[in-house]
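Here is the structure we will look at, set down as structure tokens.
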Amino acid sequence: MLVDETGLIHGTVGGGKVEHRAIEFAKSMIDDVSRNRQIVDWHLKRDIGMTCGGLVKLFFEVYNRRDWHIVVFGAGHVAQSLIQLLLTLDCRVTCLDPRQEWIDKIENQKRLTKICTPKLSQYAENLSSKDFVVCMTMGHSTDRPVLECIFKNNIQPAYLGVIGSKSKKAAIVRELKEGGIDADLASQFICPMGLPIGSNQPAEIAISIVAQMLEQRDAGKETS
């Protein structure tokens, strides 16, 4: 049986309540980038609500997860390298920066959306749990409002990273808590960002970040 974000495309697992449950479960897997394969055992009476008893076992696998969306706050040197690398992959990228001259440095491409706006945190209100979010603005004073908006709106991106050091993270966490963000929530972002590889050159930082995002995107995915 083939299912996409809108529902059943082709095939059947027998119809009825089992098929309805299977379609909804498949759609939930498409929405969750951390889940690629899963086997379920459902009790027909307890889990499905049918009058008859028995068990059903189904195998789910996500193919060609098309909508990998990365949102990059900031268009500086590292962001330029990062976006150039990301656009060699099967993804969509949105880049936001208040500086038009930096936005203009990024070459226009079909899968890239460039937004020049001083209200970065306002855009953050529209993020979803499927988005991969990278903060690399001009400094922690401009990264923090983006994070604050994400946490206050109870948004849990699939990936949330901030460029910088451990001391920068400590400063941001402190300011978030002072601004009313719960202590446990305030530290729920990756900083330093990227795998511990390469040098401090923008291109190598970009590679380490993309490697970490791929690792997060494909977590739990079996390889052969």
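The values are calculated or read from the model by the stated rules, or taken from the named source; none is laboratory data. The structure presented is a predicted model; accordingly, all values stated were derived computationally and were not measured. We place every Cβ from the backbone using ideal geometry, glycine too, and count neighbours over all the protein chains shown.
Tabulated results
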item	result
In the range 1-40, residue nearest to TRP68 (Cα to Cα) [restricted to those that are assigned to a helix (DSSP H, G or I) and of a type in the set (A, V, I, L, M)]	ILE30
Verdict on ILE103 being touching a Lys or Arg at 6+ places or on another chain (Cβ under 6 Å) and in contact (Cβ under 8 Å) with a residue 24 or more places away in the chain	yes
Residues located in the range 148-166, provided they are among the aliphatic types (A, V, I, L, M) and out of contact with any Phe, Trp or Tyr (no Cβ under 6 Å at 6 or more places or on another chain)	ILE150, ILE155, ILE163
Yes/no for ILE205 being crowded, with 18+ Cβ neighbours inside 10 Å and more than 23 Å from TYR123 (Cβ to Cβ)	yes
Candidate set from the range 41-74 (those that are among the aromatic types (Phe, Trp, Tyr) and part of a loop (DSSP other than H, G, I, E, B)); member that is nearest to the chain's Cα centre (by Cα)	TRP68
Test: THR51 is over 22 Å from ASP218 (Cβ atoms), of a type in the set (Ser, Thr, Tyr) and in the same structural domain as ILE155 (by TED's automatic domain parsing)	no
Helices (runs of 4 or more DSSP H) wholly inside the range 75-180 that include at least 2 residues being more than 17 Å from MET213 (Cα to Cα)	100-103, 120-124, 140-152, 166-178
